[in-house]
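The values are calculated or read from the model by the stated rules, or taken from the named source; none is laboratory data. In this text, all values refer to a predicted model and were calculated from it rather than measured experimentally. Every residue, glycine among them, receives a Cβ derived from its backbone with ideal geometry; neighbour counts consider all protein chains shown. The accessibility values were calculated without ligands, DNA or RNA, using every heavy atom of the protein model including side chains. Shrake-Rupley method; radii C 1.70, N 1.55, O 1.52, S 1.80 Å.
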Amino acid sequence: MGVRTPLSYLAERLAPSAKAVRVACLAALVMSVVIVVTGAAVRLTSSGLGCPTWPRCTADTLAPTKAMGIHGVIEFGNRMLTYVLCAAVGAAIIAARCARPWRRSLTRLGWAQFWIVMSNAVIGGITVLTGLNPYTVAVHLLSSMALIWVALVMWERSGEGDGAPEPAVSRPLAQLSYLLVAVVGCLVAAGTVVTGAGKHSGDSSEVPRIPLDYDRVSQFHADFAFIAVGLALAMVFVLRAVKAPTAARARARDLLVVLLAQGVVGFVQFFAGSPEILVGAHLLGSALVWIAALRIPLALRVRPQLPDSAYAGTAPAPDTEGTPDTPDTEGSEGSSGLVATA
C-alpha cells in the first residue's frame, strides 16, 4: 500500500470541478503578477530596507515597530503577501491533486511554483541582507518572471487535455514563436539592468548601482523592444496569411498591443525623469508582455483529451510516492521545451 499523505487524504474526500481547478490556477497566476507589482512598490517608495534584516524585520522583532514608520509597514506588508501567494499556489496544487481524474502534470507544475516561491523568498532575504545589491535585485525579479511562466503554463494546461501536443502550424512558425519568446525574455532581462543602473535604488540611503551609463543601457533595452515589436508584427501578418487558429492570431495581436503600450510608457518614463508611478506601470507592463509572449506558442499546438481509462490508477487513490511531486521533466528542457510541450 502506498504512503498516505495529506493530499491523498483530501483527494479521497474532495472532487473539485474542472472549472474550479482552472479558477485556482488563474488565482495563482494573478498573485504571481501582484507580487511583482507590490515588490516594485517597495522599491519605488524607498522601503526596500524598511525591515533592515531577514527573516525577522529587525534583530529583536518579527514585525516592524512604530519607530520604523511607513517604510517598515510597506516592506513588511510585501513580505506578508508572500504568504497569500503561497496560499494561492497551495490552493492550485490541492485543486489539481483532488480533481478526478488526477492529472499528475498539473500537480507537478503546482509544486514547481511552490519551490520557485520558496527560492525567491530566500533571494529576497539575500537582497535585504546585502543592502539591496542591484544584481540580487535583478535575480529576484527574474525569478518572479520564472514563477509567472510556470503559473501561466499550469493555467493553460488546466483547460487542455493530456494528450501529446499536436502542432497547429508549420514548424518554422512554431520556431518563430520561440524566437519571439526569447527576444521578449532578453527584453525583460535588459530591463533589470536598466533598473540596476537607475536612480530608484529601493532605499533613501546610498545604495550601489550597476556601474553602467544609464542612457546607454536604456537604449540597449529599447533596441530589444524594437526587435520584439518587429517580430510581433511579423507574427500577426504571418498567422493571418496562413489562416492559423483564431486563438493564435488573437494572442499575437494582444502581444503587439501590449508591446506598443509598454513602449509608450517606457519612452514617457525616460524623458520624464523616471517618475515612480510610470516606473511601476512599466514593471506591471513587463509582466503582461511576458505573459502575452508566452501564450503565443501555447496557442500553436493542441492537446487532445485522453479517455478516462488512460488515468487508471491515478485518481483518487493514495499517493505511491513518499515525497511531493517534482516539477514536470517534460517541461524542463529549456524555454522552447516548456512553452511548446506544456
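Within the bounds of the range 211-232, is there any residue that is touching an Asp or Glu at 6+ places or on another chain (Cβ under 9 Å) and either more than 30 Å from G72 (Cα to Cα) or open to solvent by 30 Å² or more (accessible area, probe 1.4 Å) (or both)? No: zero hits. Going by what's in this entry, would S119 be described as out of contact with any strand residue (DSSP E or B) (no Cβ under 9 Å at 6 or more places or on another chain), open to solvent by 40 Å² or more (accessible area, probe 1.4 Å) and either free of Cβ contacts under 8 Å to residues at least 60 places away in the same chain or not hydrophobic (A, V, I, L, M, F, W, C) (or both)? Answer is yes for this residue. Across the range 72-89, the qualifying residues are those that are buried (at least 18 other Cβ atoms within 10 Å of the Cβ) and over 16 Å from V37 (Cα atoms), and the one among them that is modelled with the lowest pLDDT is G72.
Kindly indicate whether T53 is out of contact with any Lys or Arg (no Cβ under 7 Å at 6 or more places or on another chain), outside any helix (DSSP H, G or I), surrounded by fewer than 15 Cβ atoms within 10 Å (Cβ to Cβ) and not aliphatic (A, V, I, L, M).
So T53 passes the test.
Residues in the range 264-293 that are open to solvent by less than 50 Å² (accessible area, probe 1.4 Å), in contact (Cβ under 8 Å) with a residue 40 or more places away in the chain and over 18 Å from the mean Cα position of the chain (by Cα): G266, S274, V279.
Among the residues of the range 126-179, the ones that are among the hydroxyl-bearing types (S, T, Y) and either open to solvent by 30 Å² or more (accessible area, probe 1.4 Å) or touching a Ser or Thr at 6+ places or on another chain (Cβ under 6 Å) (or both) come to 6 in all.
Please indicate, with yes or no, whether at least one residue in the range 253-263 is of a type in the set (D, E, K, R), over 24 Å from G48 (Cα atoms) and open to solvent by 40 Å² or more (accessible area, probe 1.4 Å). The answer is yes, given that some residue of the range 253-263 is of a type in the set (D, E, K, R), over 24 Å from G48 (Cα atoms) and open to solvent by 40 Å² or more (accessible area, probe 1.4 Å).
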